[in-house]
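Okay, so here's the structure we're looking at.
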Amino acid sequence: MQLRSSQYGSDEHQDNNTAQSNIVMVSQTPQLPPPNSISNGSTTTPPQTPSHYVEPLSETVKNYFVAYPLFLLIIWGAFYVFWDEAALPGGAVYTIIVLEVCAYVLGEIVAKSDLPPQLGMLMAGLILGNIPYSFISEDLYQLVILQLRWLAIVVSVTKGALGIFPGIIWKFRKVIPPLAIAPYFAEAIIWYLGSYYVAGHSSSASFFIAGLYSTMSGILLFPYVDNLEKEIHPKSSDLSSETKQLSPHALEILFVAKKTMGLDAVLGILFAKSALGFMFADDFQSGLIKGPGEVVFGAGLGILWGGLSGLLLTGHKHVVLRVITVILGGTVTFIGMRKLGYPRGTHVGVLIGAFTAISIWRSNKKKVVGLEKIIDTNDKIWALLEPFLFAIIGARINVMAINWSMFGLGFCVWAACTLVRLVTVFWSTQWSGWTLRERLFIVTAWSGKGTLQAAIGPVPIETALLNHLNSDVVESMRRVMELAVLILIFSHIFGYVGVKLWGKKLLSKEDENSAVVV
């Protein structure tokens, strides 16, 4: 069975009602909307614009060497007027601006090279963190930078929570749960064995690595899958010869991928944060309290504030108030739990809270107002904070202090884990009824990582430094963070290149009579 293409809308009502909609038998490629009609009944072709606009060199030079620097100079002047010495080199405001601007600019440059922009953001942090001048002192990091990193984490976790659709998961229950669970645990086993026996990490640190680094990143690959869907499914033009050659299930697969990418991040947060409790506990009993105990407490707190927000603001017409409630609720939960001494439950509290609130708003079908705007607003905030999040983890890496032999061992373990993930993802789609090429596309799309690793990877060393632990523990935690950077680089490139280069080929028509089982 295959869903008609009209089901794949972006409206929240459509997303929520997908699980209850009827499944229609169709054997041909999904039909696209007809061309636009005018009042006299004839049709007209929309104006054609070049698919790839190349900015003239003179405009590029003028923008990057005159307009943009002038704009930044004006912004810096305004900050200096208000914050005085904090806007000068070495000050908190100056450091934040330089990190954000450099990460954004390098991200744009790398994106123009047809590579993931997050690599440029990470590169900006690596450069700024390793120049002879001490760009970010430890005191500045603990007092200012860390707080902004927490805010970026809250927004990223909230973005993941807003993208979980229980109705769609239930509808595709023969595909989505196996895709989220089987590859995660299969890869986690290899990560644990490799970290413990090959890299020499402790049992609790290996548990943390396995829990965190087995998680894929839907946030990073989503834009590329979304662009691929728009490219092969134009909504206001005639069917191109390329579109006619699509697999009969292409739009369905892209729809499933967009709505469920990163679902295993829930598992990653639960297991990684539970492992943190054991990493810094004196005995097993205190580890249970600091790890799983705090995670359960965070989940309960999330249900509480998310439930209250959902019930009190159901049907509220002011979308901005809902956005503020979700983001501030997550921020207060995140920072509040740390202040209370329960840092391991922070991410879970944010995730469960945002998911609970948005689920209540979605369930009230008669009063659903602006849910798409909530997601869009959160995306815009994430676009502002994403460069900072990736730059700061790069800035925390001391290139001269990297243990390259351990880095090489980590790469070998990553390669083995990636292979296991690819095989398990392919196996998990055997009940889908999709063709071989379609299953290989899912294998490719389910391999990218980065966001959760950038968000939680530095937590062990932050905890070690904050508690003034001995140098051996700090060094061990530093290696864990370096491994997060390695995964961010190689896994993201692997997933990006796969979707970018082979996505359309893998979703090309192979057998018009094949069926999808749902």
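Of note:
- Accessible surface ranking that places the most exposed of Leu128, Leu148 first, with a 1.4 angstrom probe: Leu148, Leu128
- Solvent exposure, largest accessible area first (probe 1.4 Å, DNA, RNA and ligands not counted), of Ser137, Ser447, Ser113: Ser113, Ser137, Ser447
- Under the Karplus curve 6.51 cos²θ - 1.76 cosθ + 1.60, θ = phi - 60°, whole-Hz ³J(HN,Hα) for segment 158-171, x wherever Gly or Pro sits: 4, 4, x, 5, 5, x, 9, 10, x, x, 5, 4, 5, 4
- For segment 60-136, the Stokes-Einstein estimate of translational diffusion at 25 °C and a viscosity of 0.890 mPa s comes to 183 µm²/s, using the Kirkwood hydrodynamic radius over alpha-carbon pairs.
- Heavy-atom accessible area order for Cys102, Cys412, Cys417, largest first, 1.4 Å probe: Cys412, Cys102, Cys417
- Principal axis dimensions, largest first and in whole angstrom, of segment 386-431 by Cα: 47, 30, 6
- Near Ser508, the amide H atoms lying under 5 Å from its own belong to Ser247; only residues 5 or more places off or on other chains count, and H is placed 1.01 Å from N.
- For Leu88, residues with placed amide H under 5 Å, excluding near neighbours: Tyr94
- Relative contact order of segment 60-136, taken over Cα pairs closer than 8 Å and 6 or more residues apart, is 19 percent.
- Applying the Karplus relation 6.51 cos²θ - 1.76 cosθ + 1.60 with θ = phi - 60° to segment 374-379 yields 3J(HN,Hα) values of 4, 5, 5, 5, 4, 4 Hz, where x marks Gly and Pro.
- Per-q log10 I(q)/I(0), segment 299-400, q = 0.23 Å⁻¹ (Debye; single scatterer per alpha-carbon; no solvent): -1.17
The values are calculated or read from the model by the stated rules, or taken from the named source; none is laboratory data. Owing to the predicted nature of the structure, the values given are computational and were not obtained by experimental measurement. Accessible surface is based on the protein model in full, side chains and every heavy atom, while ligands, DNA and RNA are left aside. Shrake-Rupley method; radii C 1.70, N 1.55, O 1.52, S 1.80 Å.
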